[in-house]
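To start, the structure itself, in structure tokens.
Every read-out reported here was derived from the displayed coordinates using simple, explicitly stated rules and does not represent laboratory data. Remember, it's a predicted structure, so these values are computed and weren't measured experimentally. Positions of Cβ are backbone-derived with ideal geometry, glycine not excepted, and every protein chain shown enters the neighbour counts.
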Amino acid sequence: MNKIERQRRKMAFEALPERYDRARPRYPTGFFDEVIALCGLAPGDPVLEVGAGTGIATAPLLERDLVITAVEPGARMRAIGKAKFGDRVTWVATPYESVPAEGQFAAVIAAQSWHWIDPAIRHAHTRAMLHETGAVAIIQHRHRLDCPFRALSEPVYREVYGPRALPTHLPRTEAQALRDSPWFSSVEERDHHWVATYTADDLVDLVATHSDTLTLPEARRQHLLEGLRAVVERHGGTVPYHRTAQLVVGR
């Protein structure tokens with residue numbers, strides 16, 4: 001993905017911030033306790049959150065008494081986060097790549113946002129943000145390969161995107177890239193699995209907030225969403241959605 005396309009996709013969420021906040025999945029019980037433990041964080045520690053969006057990951061971080069600086073260049077996304085948390089969070093409107101790096105944070109946490117950072121500088125810039133013993137935590141939602149809805153929905157996706165090879169394993173690119181980087185010497189990984197139940201409305205709301213969907217031409221986007229709605233309705237009105245939250249922590 002080139003720089004222009006990356007910028008277009010990461011700012012596409014500005015089109016529907018309320019829907020994004022409503023539909024995007026939260027995290028399984030205990031997930032952020034593991035984030036805190038692996039990063040070695042304690043109450044009062046300064047943490048930078050990259051691409052905080054509407055504050056979905058910000059909330060559990062605040063619950064653990066961390067001092068949060070949230071980077072979110074999208075004005076409409078940021079406004080929802082500000083309305084939720086008031087002055088409990090320091091919001092930064094500039095892109096992460098432009099935030100001064102002065103070794104001031106105990107952790108940099110990127111929840112669903114690491115892939116939007118310029119890959120040419122993401123490791124070096126993040127290392128420069130951190131205390132000597134600081135950690136980066138990369139959090140990604142993944143679709144589990146054993147998810148029944150994966151097989152049910154694939155014909156609709158092929159109609160919209162054309163033939164494609166389905167992955168046979170969960171990607172581990174972030175962890176391997178950290179290991180290959182000269183900036184981080186220790187990398188740990190954890191997976192948290194859970195199953196959510198989606199109605200047709202829930203599922204359409206969720207998929208409508210994906211950047212791939214948002215950047216489709218209108219006719220193809222509607223074909224995708226209505227096709228997925230029909231799949232859920234044909235299978236009794238609800239579907240189980242198997243998820244994995246991947247956590248990668250580098251030091």
For Glu18 and Asp191, extending 7 Å from Cα along the Cα-Cβ vector and measuring point to point gives, in nm, a value of 3.8 nm
Other residues with Cβ under 12 Å from the Cβ of His125 give, with Lys and Arg +1 and Asp and Glu -1, a net charge of -1
Hull surface over four for the Cα convex hull of the chain, reported in nm², is 13.2 nm²
Taking alpha-carbon centroids only, the range 11-46 lies from the range 188-251 a number of Å equal to 17 Å
Mean Cβ-within-10 Å packing, highest first, puts peptides 47-54, 220-227 in the order 47-54, 220-227
The answer for the net charge of residues other than Leu214 whose Cβ lies under 10 angstrom from its Cβ, with Lys and Arg +1 and Asp and Glu -1, is +1
Checking rank on 123-132, 71-80, with mean other Cβ inside 10 Å and highest first, the result is 71-80, 123-132
Mean projected area, convex hull of alpha-carbon positions in the range 93-221, reported to one decimal in nm², is 10.4 nm²
If R0 = 22 Å, then Asn2 and Thr173, at their Cβ-Cβ distance, give a FRET efficiency to the nearest 0.05 of 0.80
Cα extents of the range 177-245 along the principal axes, largest first, in whole Å, come to 49, 30, 13
Expressed as a whole-number percentage, the relative contact order of the range 186-239 with C-alpha contacts under 8 angstrom and at least six residues apart is 49 percent
Toy charge model, Lys and Arg Cβ at +1, Asp and Glu Cβ at -1: the chain dipole around Cα centroid in debye, rounded to 20, equals 520 debye
Residue span Ala128 to Arg220: 0.36 nm per residue of separation minus Cα-Cα distance leaves a gain in nm of 28.9 nm
